[in-house]
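S.K.: Starting off with a structure, shown below.
The values are calculated or read from the model by the stated rules, or taken from the named source; none is laboratory data. Every value quoted in this text rests on a predicted model; they were computed, and no experiment measured them. Counting neighbours? That spans all protein chains shown, and the Cβs are built from the backbone with ideal geometry, glycine included. We work out accessible area using only protein heavy atoms, side chains counted, and drop any ligands, DNA or RNA first. Shrake-Rupley method; radii C 1.70, N 1.55, O 1.52, S 1.80 Å.
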Amino acid sequence: GRGWGRRMFEILLQSAIARQADEMFIAVLDQNPKGRAFWESCGFVVERPNQKLSSGSVVNTVHRMRLDLKQAMSQNP
């Protein structure tokens, strides 16, 4: 709630743009609706919902999210 996430995202975004990346991907745990809302507010959209991700004996449901950097740059030059 202090803006650190937004600042971190802006740094990552600028780095991706500098490297001429076309898109960014993240995975958000289904149990984290506030996190998903944050990434949606950054322009990410769910590309693959309800994917199973296992780590040892733990299985989580994640949503793969995508940000089209060309579209994001055209909206925020």
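S.K.: State which residue pairs qualify: first residue over 19 Å from residue 3 (Cβ atoms) and part of a helix (DSSP H, G or I) and inside the stretch 18-42, second residue of a type in the set (Val, Ile, Thr) and open to solvent by less than 90 Å² (accessible area, probe 1.4 Å) in any location, beta carbons under 6 Å apart, and separation of 6 or more residues or different chains.
M.R.: none
S.K.: Report, by residue number, each residue of the stretch 1-31 that is surrounded by fewer than 12 Cβ atoms within 10 Å (Cβ to Cβ) and within 25 Å of residue 52 (Cα to Cα).
M.R.: Those that are surrounded by fewer than 12 Cβ atoms within 10 Å (Cβ to Cβ) and within 25 Å of residue 52 (Cα to Cα): 25, 31.
Here's the yes/no breakdown for (1) of a type in the set (D, E, K, R); (2) in contact with an Asp or Glu (Cβ under 9 Å, 6 or more places away or on another chain):
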| site | (1), (2) |
| --- | --- |
| 21 | no, no |
| 27 | no, no |
| 34 | yes, no |
| 43 | no, yes |
| 50 | no, yes |
| 66 | yes, yes |
| 70 | yes, yes |
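S.K.: Say we look at the stretch 47-77 and pick out the residues that are surrounded by 12 or more Cβ atoms within 10 Å (Cβ to Cβ) and of a type in the set (A, V, I, L, M, F, W, C); which of these is modelled with the lowest pLDDT?
M.R.: Result: 72.
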